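**Q** Before anything else, here's the structure in question.
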Amino acid sequence: MPGKPRLIKKAQEVARHPSQVFRKPEHTEQTDDELDTMLPAADGALETEEASAIVGNTTDDTSETWKRVQLARHAERPKTLDYIKRLCPDFVEVHGDRRFGEDTAIVGGLAEFEGRTIMAIGHQKGKNTKENIARNFGMPSPEGYRKALRLMQQAEKFGFPVVCFIDTPGAYPGLEGEERGVAQAIAENLLVMSQLRVPIISVVIGEGGSGGALAIGLADRVLMLENSIYSGASPEASASILWRDSAKAPVAAMTMKITAQDLLRLEVIDEIISEPESGAHTEPAVTADAVKEAILRHLSEIEAHMTEAGPQAIEQLLANRYDKFRKMGVYEE
Amino acid sequence: MKKVEQKVEETKSKGEHHHFFQRKSLRHDSPSREVADNVGNIWAKCPKCHELAYTKEYEKNFKVCQKCKHHNRLRWDERLATMLDEGSWVEVNAHIKTGDPLHFANNGEVYPDKIAQTRKKTGINEALVTGYGTIEGQPVAIAVADFAFLGASMGSVFGEKLVRLIELCLERRMPLLTVSASGGARMHEGILSLMQMAKTTAALGRLGQARIPHFSLLTDPCYGGVTASYAMVADVIMAEPGAMVGFAGPRVIEQTTRQKLPAGFQTAEFLLEHGMVDEVVPRREFRSILSRMLKLYGRAQAPAFANGTLLSFPMIMGGAQHTQKTEEMKNYAW
């Protein structure tokens with residue numbers, strides 16, 4: 001079919017699908033004001049209008065996208081350990097990659113979830129400067145990815161499903177990380193996850209920054225919270241690549257299509273989990289319930305498929321996971 | 001072996017073209033090439049030490065400076081000429097073309113226009129060229145990234161072509177060589193570019209399960225999503241001397257960490273020292289090394305048990321099946 005990018009058409013069908021969980025946020029004036037005072041100063045807001053013109057976006061779209069970016073990065077936004085605590089009555093955190101060290105930017109361990117044992121893994125950001133320094137702002141080193149890999153293999157060994165929480169600006173760019181092969185660590189996770197013989201569910205809870213996020217994101221189901229983002233490069237990095245000006249990040253955020261709504265349209269994620277109107281941090285318990293419901297529903301669905309498939313269950317699971325990523329991309333021929 | 005290599009050189013020095021040079025000579029305008037290629041066309045200047053050499057000599061030497069051994073960047077076809085048997089190259093899936101999933105526009109320039117210009121400039125449809133040929137008669141599938149095409153950034157077509165090549169390898173039990181150079185993921189296709197990391201690596205997982213070897217050659221420069229996916233998932237990883245290879249670029253690292261980076265940081269030699277690559281292989285020796293490995297890996301046996309007895313059978317085939325399919329493939333190779 002010449003000329004027509006096949007995925008776009010399919011994506012439009014998806015957008016009309018009634019089971020879609022996405023709810024368009026209805027920002028009242030009051031909410032907007034609230035957001036503005038609540039959030040850190042909107043960097044680059046002044047340039048927004050001018051820069052919007054450059055790429056033909058409307059200022060409205062740009063500022064709405066930017067609000068989501070700010071919510072996704074909000075200091076008070078619930079982090080991985082908050083969700084694990086609220087979702088799992090028991091959690092035993094473990095440490096270290098058994099190769100070189102311990103990376104506090106990724107946490108993980110066995111947990112109890114709705115009568116099952118799961119392996120919970122996630123990027124961990126802090127809520128204040130002190131915590132963030134301790135967690136390296138949620139930017140993992142190779143050791144973090146290798147710890148995650150070790151835990152996933154543990155899960156596979158004992159037949160526990162893996163649940164990953166994604167919340168990172170990206171892998172930490174540093175001398176030591178390069179020396180110890182951060183790229184190799186990410187690549188190996190992708191390889192192992194594509195063949196891991198247990199169900200994997202990944203939830204983007206805040207920021208999904210590039211390969212550093214994908215390294216725990218190759219899953220049977222990928223879910224995103226309504227105000228989370230997921231991208232190949234941060235808005236700031238995109239802006240400095242595109243316009244050599246990281247202050248134009250709000251425009252880049254719009255141009256690069258990084259919101260949960262964009263990603264559902266592009267068929268990269270399976271579902272959007274609704275947040276309370278003013279963001280996840282305003283009602284963490286409500287958000288956690290929604291996350292719990294979504295994970296449980298998807299996990300039960302996968303488990304039901306596996307029971308149906310009988311002895312072929314795992315091969316079927318792996319084949320479906322492969323096909324899910326195999327079809328991603330837009331091209332013409 | 002040596003004989004074949006000399007033959008390649010002789011043909012080149014007479015100004016004749018390989019089978020895969022059938023298209024009229026391709027023009028590239030990347031800055032580094034400009035410096036190297038055009039000092040009055042007769043002289044080529046090494047971009048590193050500025051040594052002058054006869055262009056013919058320089059090209060005969062696969063654009064490696066005789067004085068400082070600097071390995072200049074190669075076009076995809078120049079790359080293939082360094083390793084393949086003459087006339088053996090068959091390109092596949094050249095027809096797959098770039099889409100515009102984000103309706104990307106920047107300063108009034110839309111992505112499809114940018115692609116059209118780049119196509120015209122480089123003579124290829126996308127940053128990754130895929131196909132197969134022989135090395136000393138041994139079949140091998142090859143995916144070459146051409147840095148002149150938008151910094152060989154990995155977008156949907158790049159990923160799709162690589163996966164289709166891997167599927168071809170699975171179908172014919174053909175070993176795979178990937179030659180990587182890349183600035184990372186393709187900005188213009190956003191998240192879909194990122195997902196190509198998952199897609200290509202998952203496909204390599206299947207190749208691995210089928211016990212078909214993947215050789216990876218990292219060339220200058222190789223960064224971001226390519227290094228963090230298929231290029232680092234190989235049975236043997238090689239790099240060209242002096243090639244810059246890493247995840248984050250040195251400028252980003254310096255800006256983020258305010259660390260002073262040591263001399264030689266992220267070079268192929270640095271990676272070798274840190275255990276990240278198997279070998280640093282000079283361009284002139286690559287064909288010979290790969291040929292030896294194809295032969296050694298070609299004897300791979302898959303252990304298998306049947307009724308309590310250990311059976312083994314040869315894993316890599318080529319031969320009749322290969323030749324027959326070649327004819328079919330030629331129909332849709334350009």
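**Q** Roughly how crowded by other chains is peptide A:223-231, in terms of the mean Cβ count from those chains within 10 Å of each of its Cβ atoms?
**A** Counting Cβ atoms of other protein chains within 10 Å of each residue's Cβ and averaging gives 1.
**Q** Filter the trypsin sites (Lys or Arg not before Pro) in region A:244-333 to those in DSSP coil with at most 16 other Cβ atoms within 10 Å of their Cβ, and list the result.
**A** A:244, A:327
**Q** Moving on to the next point. Quick check: Cα centre of region B:60-128 to Cα centre of region A:138-167, how many Å?
**A** Each part's Cα centre sits 37 Å from the other's.
**Q** If I model a spin label at residue A:296 and residue B:69 as a point 7 Å from the Cα along the Cα→Cβ vector, what separation in nanometres do I get?
**A** That separation, rounded to one decimal, is 6.4 nm.
**Q** Using a Förster distance of 45 Å, how high is the FRET efficiency between residue A:133 and residue B:41, based on the Cβ-Cβ distance and rounded to 0.05?
**A** On the way: r = 57 Å, r/R0 = 1.27.
Rounded to the nearest 0.05, the efficiency is 0.20.
**Q** Can you list the residues of region A:159-181 with backbone N under 20 Å from a point 7 Å past the Cα of residue B:254, pointing along Cα to Cβ?
**A** A:172-179
**Q** Order by neighbour count: A:66, B:76, fewest other Cβ atoms within 10 Å first, most last.
**A** A:66, B:76
**Q** With only Lys, Arg, Asp and Glu charged, each at its Cβ (+1 for the first two, -1 for the last two), find how big the charge dipole of region A:157-311 is about the Cα centre; round to the nearest 20 debye.
**A** 340
**Q** Quick one: if the Förster radius is 45 Å, what FRET efficiency do residue A:116 and residue B:117 give, using the C-beta to C-beta distance and rounding to 0.05?
**A** Efficiency for this residue pair is about 0.25.
**Q** Using a cut-off of 11 Å between beta-carbons, work out the net charge of the residues near residue B:294 (Lys and Arg +1, Asp and Glu -1, residue B:294 not included).
**A** Taking every Cβ under 11 Å from that of residue B:294, the sum is +3.
**Q** Residue B:109 versus residue A:285, label points 7 Å from Cα toward the beta carbon: distance in nm?
**A** Inter-label distance under the simple model: 5.5 nm.
**Q** Just check region B:88-204 against the gyration tensor rule for me: Cα atoms, a ≥ b ≥ c as the square roots of the eigenvalues, rounded for a/c under 1.5, and otherwise prolate or oblate depending on whether a/b exceeds b/c.
**A** prolate
**Q** So between residue B:261 and residue B:209, what do we pick up on full extension, going 0.36 nm a residue minus the alpha carbon distance?
**A** Length gained between residue B:261 and residue B:209: 14.8 nm.
**Q** Which residues in region A:258-297 place their backbone N less than 19 Å from a point set 7 Å from the Cα of residue A:305 along the Cα-to-Cβ direction?
**A** A:264-273, A:293-297
**Q** Work out the FRET efficiency for residue B:86 and residue B:301 from their Cβ-Cβ distance, taking R0 = 22 Å, and round it to the nearest 0.05.
**A** Efficiency for this residue pair is about 0.10.
**Q** Report the paramagnetic label zone for residue A:241: residues of region B:179-218 whose backbone N is under 20 Å from a point 7 Å from Cα along the Cα-to-Cβ axis.
**A** It comes to B:180-201, nothing else.
**Q** Tell me, how many Å apart are the Cα centres for region B:203-243 and for region B:135-180?
**A** Comparing the Cα centres of region B:203-243 and region B:135-180, I get a distance of 11 Å.
Just so you know, all these numbers are worked out from the coordinates, no wet-lab data involved. Predicted model, so just to flag it, every value in this text is computed and none were measured. Every residue, glycine among them, receives a Cβ derived from its backbone with ideal geometry; neighbour counts consider all protein chains shown.
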